[in-house]
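A short reminder: the numbers here are calculations on the coordinates, not readings from a lab. Here the structure is a predicted model, which means the values were calculated and not measured. Cβ placement follows ideal geometry from the backbone for every residue including glycine, while neighbour counts extend to all protein chains displayed.
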Amino acid sequence: MSLKSVLKNKSLGILVHPSSLPGGSYCGTFGEGAKDWIKKLCKYKINHWQFLPLTPTDSTGSPYSSPSSFALNPWFLDINKLIEENFIISLNKKDLQSINQNEDHFDFDYANNLSKKLGEYLLFDWESQSEMRKTDFYLWNKKNTWVEDYSIFMVLREKFNMLPWWEWPLEFKQKENEFIKTWIKDKKNEILKTKLIQWHLDKQWKEIKVFAKTNGITLIGDLPFYVSRDSVDVWSNKSLFSISQNGDLLFQSGVPPDYFSSTGQLWGTPTYYWAKHKSTAFRWWRKRFKRQFELVDILRLDHFRALAGYWRVDGNAQNAINGSWINSPGKELLNLLKKDLKSDYLPIIAEDLGVITKDVEILRDNYELPGMKILQFAFDGNDNNPYLPKNIEKENWVVYTGTHDNATSTSWWDCLDITIKTHIKDKYKYSIDPSWNLMEIGMSTKANLFISPIQDILSLDDSSRLNTPGTITNNWRWKLNQTLDEIDMNLKKYSDLGNNYGRLSN
């Protein structure tokens, strides 16, 4: 029987977020830098580009705790393209000058301020745009109904000094629509500015998506399972979440105590009121997936296990000890997604890391969704470790050296116990570069797709790590401080190694 999976052949990919690419004014953008990256991937027949959620971030820079599941991050708006296409005409170049080009990080405050300035320029020059452009914009707004509430929400956030919505005045936090309709009459320009930014982001990214398809590159996006409590998703759809009209958490998400934490993990996001989702035929979820598949070809679903069952904790709890497992209607939702996509397979990668129970495996395998294997988790001395290369017995997997949440492979190796290092040296091909050793081990497995973070391809240490879970500072800021031409030899080496294991596209 042929495999009805999104992954059908041996292939190769690279994990790097657009913000980490060179070419933008302060971080990578949806401009020529992203297209140059796609050209490099095409040149070396590396046909998968994976990245993190493209949504706006929270105050710590995390795209996994976004104020919207549907919007795009304003940091990615490419200035040069807006100027070239005359969407920005009245320009003070000093306001929009490029900085940080040779740094290995970028500043969130600068990115936010520059995004605001871009919005002001777009608004100032909007009246001089052609009627055809204005018609395109209004048609896009009509099609993308989410942008109305998103724009109102973001304007309200600014008005209330970025306080979470449950700390807003009563009429606003309870979203009394008639009251808000009256209030926004004086805020038309601010709302228009937010919509213009989203329209341009959407246009720029979709141009990149077409460019990627033309060059044979598959885009792999990322979708967090839960949404932020302080998001327009929750504010506008309170009945879908375990939250009161005033914003109090009735139940919250997390994971139970395990080997790594005696108190479990408490995430602070509301859980889903699944009965309400069922009664609406999962309308919100289906819109959410539809939006994502407008932007990407394949979607990694974070915390996939919660589609089978999730750990629910009281909203006032201080830890995750006293929770309970609650079944989720994952099968019903996935069946509807298949119908919506009119496909015999789902273009979803199941993030199935950690302690996974049989019901999760059954759900994943019944829909033939590729799961994930992380090589940094493999070498604990347990011969039955599911991440060990020899235990990856089938093809429908994505193997990684590590993810955005892991140490770089260089720093991972530096911290390994000497006995484990000796075992790896004895068992596998070994050179002086642990990143490349781990990549070769991964490429040699039966898994159809192998992906490495760009940091490992460049043999970087943890000074270039993107995120350290459990911390809220110095994350998400890393960017390449070299041009793509300067890392060309690394990409070629990665491609050549992939070719040795039959992983290059034709």
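Amide hydrogen proximity for I348: with H placed 1.01 Å from N in the peptide plane, the residues at 5 or more positions away or on another chain lying under 5 Å are V6, L299.
Share of antiparallel DSSP beta bridges in the range 11-500, in percent to the nearest 5? Counting DSSP beta bridges with both partners in the range 11-500, the antiparallel share is about 40 percent.
Ordering Q252, S411, G371 by the projection of their Cα atoms onto the charge dipole of the chain, which places +1 on the Cβ of Lys and Arg and -1 on the Cβ of Asp and Glu, puts G371 at the extreme positive end.
Amide H contacts of H105: K479, each under 5 Å away and 5 or more positions distant or on a separate chain (H built 1.01 Å from N in the peptide plane; Pro and chain starts excluded). The range 464-506 and the range 264-318 have Cα centres lying 30 Å from one another. From the coordinates of this entry, semi-axes √(5λ) of the Cα gyration tensor in Å is computed, and it appears in (i) 38, 26, 22; (ii) 37, 28, 18; (iii) 36, 29, 21 under the label (iii). Mean sequence separation of contacting Cα pairs (under 8 Å, at least six apart), scaled by the length of the chain, corresponds to a relative contact order of 20 percent. Would you mind checking the pairs K117/K373; K142/K278; K181/K342; K206/K339; K10/K276 and listing those with alpha carbons more than 31 angstrom apart? Too far apart for the 31 Å limit: K117/K373; K181/K342; K10/K276.
Peptides 412-425, 253-266 ranked from most to least packed give 253-266, 412-425, packing being the mean of other C-beta atoms within 10 angstrom over each peptide's residues. Packing order of peptides 26-34, 346-354, 288-296, highest average first: 26-34, 346-354, 288-296 (average count of other Cβ atoms within 10 Å over each peptide's residues). Loop-located trypsin sites (Lys or Arg not before Pro) in the range 426-506 (DSSP state not H, G, I, E or B) with no more than 15 neighbouring Cβ atoms inside 10 Å: K429, K446. Ranking A111, T55, I349 by Cα position along the charge dipole of the chain, where only Lys, Arg, Asp and Glu carry charges on their C-beta atoms, puts I349 farthest toward the positive end.
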